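Shown next, in structure tokens, is the structure this report addresses.
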Amino acid sequence: MDNKCVLEFEAVGKEYSIGDRTLPVLRNITFCVRKGEFVTVMGPSGSGKSTMLQLMGCLDKPSSGKIYVDGVDVSKLCSDALAKVRSENIGFVFQAFNLLSNMSAIQNVEIAMAIDNVPAAERHERALDLLKKVGLTERADHKPNELSGGEKQRVAIARALANDPAFLLADEPTGNLDSKSGMEVMEIISGLSKNLGTTVVIVTHEPAVATYGKRTIMLGDGSIKSDGPTKRPAVHDLKLK
């Protein structure tokens, strides 16, 4: 891991206007995710996790402070510029998979590169390689309705990596999976981090998911309550819900 920040929040605040009231959701959030880190973001309901996810994914802009993605200040960018940052720098993994039902696994991975005008032969070869990395070579030609939940999420991970993003951003990646499939998906994400140096940020409410990370940012009442090495349970028998 080097010292380059691929995601940085600098005194970030976010508030929403409701009628004549202003509702502060995030207050003075400052942190840096360095290249190669595996970070989990946790916190109880109402702590600001969802808002922070929106900001990390450049799906919204802060009310105050600055956000840097791979060294670029995205705080004031227009919608088109933010879309470009998302496409080139952030690999999204969603709880609901968000695969295209009429396309095969390999086509779902390829489409992310087609949007960026990668030549057909190159994107097909890279898609095959990514499916191999997530253990789905033999399922490349299967459509989502022919895949299990865990397999769908593995396709989604491969798709998220298609454009070699600065970091992988996952929103409750095991939320729609059974315990066994959830653990398999987390082992794959963990392997990408350990073996390929993939930078990973996961937003989750599940302690079992957080134990796969090396660092945990804990939110509470819109502020960072703690930020440090992930605490491992005394007995490693946590189960994914």
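Every number here is computed from the coordinates shown, using simple stated rules; none is lab data. Everything quoted here is computed from the prediction, not taken from an experiment. Glycine gets a Cβ as well: all are built from the backbone with ideal geometry, and neighbour counts include every protein chain shown.
Worth pointing out:
- Centroid-to-centroid separation of the range 194-223 and the range 106-134 [C-alpha atoms, Å]: 27 Å
- Gain on full stretching of the segment that runs from LYS231 to LYS4 - 0.36 nm per residue minus C-alpha separation: 79.3 nm
- Label point 7 Å beyond Cα of ASP73 along Cβ direction - residues of the range 1-42 with amide nitrogen under 13 Å: 10-11
- Computing FRET efficiency as 1/(1 + (r/R0)^6) for GLU88 and SER17, where r is the C-beta to C-beta distance and R0 is 30 Å, gives about 0.40.
- The overall shape of the range 143-184 is oblate: from the C-alpha gyration tensor, with semi-axes ordered a ≥ b ≥ c, the ratio a/c is 1.5 or greater and a/b is no larger than b/c.
- Here the Gaussian network model covers the chain, with springs between Cα atoms less than 10 Å apart; of ILE115, ILE18, ILE224, ILE18 fluctuates the most.
- Column: log10 I(q)/I(0), Debye, Cα scatterers of the chain, q = 0.10, 0.11, 0.18 Å⁻¹: -0.47, -0.57, -1.42
- Highest mobility in the GNM of the chain, judged by mean-square fluctuation with C-alpha springs under 10 Å and restricted to ASP164, ASP116, ASP129, is found for ASP116.
- Spacing of the two label points (7 Å from each Cα toward its C-beta) at THR30 and LEU100, in nm: 4.4 nm
- Nearest 10 degrees, 0 to 90: helix 105-114 Cα axis against the chain principal axis: 60 degrees
- Between the helical axis of 179-196 and the longest alpha-carbon principal axis of the chain there is an angle of about 90 degrees.
- Gain upon complete extension [GLN54, GLU138; 0.36 nm per residue less C-alpha separation]: 26.8 nm
- Using alpha-carbon coordinates, inclination of helix 120-133 to the longest axis of the chain, degrees: 80 degrees
- Within the range 5-229, antiparallel bridges make up roughly 60 percent of the DSSP beta bridges whose residues both belong there.
- Choice from PRO165, PRO44, PRO207 with maximal GNM fluctuation in the chain (Cα, 10 Å cutoff): PRO44
- Partners of LYS14 within straight-line reach, counting aspartates and glutamates whose Cα lies under 17 Å from its Cα and excluding those fewer than 8 residues away in the same chain: ASP60, ASP73, ASP221.
- Comparing ALA210, SER75, LEU196 along the charge dipole axis of the chain, the residue lying farthest to the positive side is ALA210, per the Cβ-charge model.
- In order along the range 3-20, the phi-based Karplus estimate (6.51 cos²θ - 1.76 cosθ + 1.60, θ = phi - 60°) of 3J(HN,Hα) comes to 8, 5, 7, 9, 8, 9, 10, 10, 6, 7, x, 9, 9, 10, 9, 10, x, 9 Hz; Gly and Pro are listed as x.
- Amide H contacts under 5 Å for ALA170, placed H, 5+ residues apart: VAL93, VAL201, ILE202, VAL203
- Ellipticity at 222 nm from helices only: DSSP H runs of n ≥ 4 in the chain, each -39500 (n - 2.57), divided by the residue count, give -9500 deg cm²/dmol.
- Placing R0 at 25 angstrom, the Cβ-Cβ distance between ASN195 and GLU125 gives a FRET efficiency of 0.80 after rounding to 0.05.
- Amide proton proximity set for VAL25, modelled H, under 5 Å, gap of 5+: LYS14, GLU15, TYR16
- Set of lysines with alpha-carbon distance to LYS132 below 21 Å, sequence-local pairs under 8 removed: LYS143, LYS152, LYS180, LYS194
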